[in-house]
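Undergrad: What follows is a single structure, and I will ask about it in a moment.
The values are calculated or read from the model by the stated rules, or taken from the named source; none is laboratory data. The model shown is predicted, which means the values in this text are computed figures rather than measured ones. A quick note on method: Cβ atoms are made from the backbone with ideal geometry, for glycine too, and the neighbour counts reach across all protein chains shown. To get the accessible areas, we keep the full protein, side chains included, count just its heavy atoms, and leave off ligands, DNA and RNA. Shrake-Rupley method; radii C 1.70, N 1.55, O 1.52, S 1.80 Å.
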Amino acid sequence: MSVTSRNQAASSAAEVQRRARKIAEQASKLAEQAGPLTKSAAMTARHGADAATEWATPHVTRARSWMAVQANRGSVSVQETVGPKVSEMLATTARKLDPPTQKARRLPKVLAGTAMLAAGAAAAGAMAIKNRQPYLPPPLPPRPATTTGTSTDESSAVLNPSADVKAASSENAANGTSRSR
């Protein structure tokens with residue numbers, strides 16, 4: 001490389017350094033000037049945000065209360081319209097899934113019940129026949145006593161109607177027979 005080209009390169013490097021220092025000084029002056037501007041812009045933005053918040057707060061509150069009413073109406077509507085449909089659908093599905101029940105056979109049960117009733121009636125009838133008391137006619141009313149010649153046996157029978165029964169039972173006891181069946 002020649003000496004002139006070295007001088008040109010050195011002078012151009014020095015020129016670049018000088019320009020870089022000048023640009024850096026200008027940048028630092030601009031940064032110092034930008035500091036207060038940035039602070040005022042931040043304050044303005046903050047005041048703007050506060051104003052926007054103050055303006056939006058009642059609108060947001062109104063919108064939220066309106067949405068709460070709409071959501072409540074929607075829930076009632078779903079509960080009254082969709083809920084029963086879903087419930088009916090689930091009940092129908094449950095009925096379809098449930099295995100079919102076998103039809104009860106009533107005839108064997110009715111016949112068994114009738115047979116039991118007849119057997120009970122037959123047993124009651126047999127017990128009634130077995131425990132039945134012999135029929136005794138009601139005693140005759142006493143006859144008025146007559147003064148004509150009657151024997152003492154007739155007058156005792158008339159005065160004591162159960163004497164006939166006693167006499168018959170004593171005769172049967174002597175013969176070994178009984179009137180009861």
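Undergrad: Would you tally the residues in the stretch 44-72 being open to solvent by less than 100 Å² (accessible area, probe 1.4 Å) and not polar (S, T, N, Q)? Walk me through how you get there before you give the answer.
TA: Going residue by residue through the stretch 44-72, those that are open to solvent by less than 100 Å² (accessible area, probe 1.4 Å) are 44-45, 48-53, 56-61, 63, 65, 68-72.
Add one more test, that the residue is not polar (S, T, N, Q), and what stays is 45, 48-52, 56, 58-60, 63, 68-69, 71.
Summing the residues that are open to solvent by less than 100 Å² (accessible area, probe 1.4 Å) and not polar (S, T, N, Q) in the stretch 44-72 gives 14.
Undergrad: Go through (1) exposed (fewer than 10 other Cβ atoms within 10 Å of the Cβ); (2) at pLDDT 85 or above; (3) charged (D, E, K, R) and name the single condition Asp98 misses.
TA: (2)
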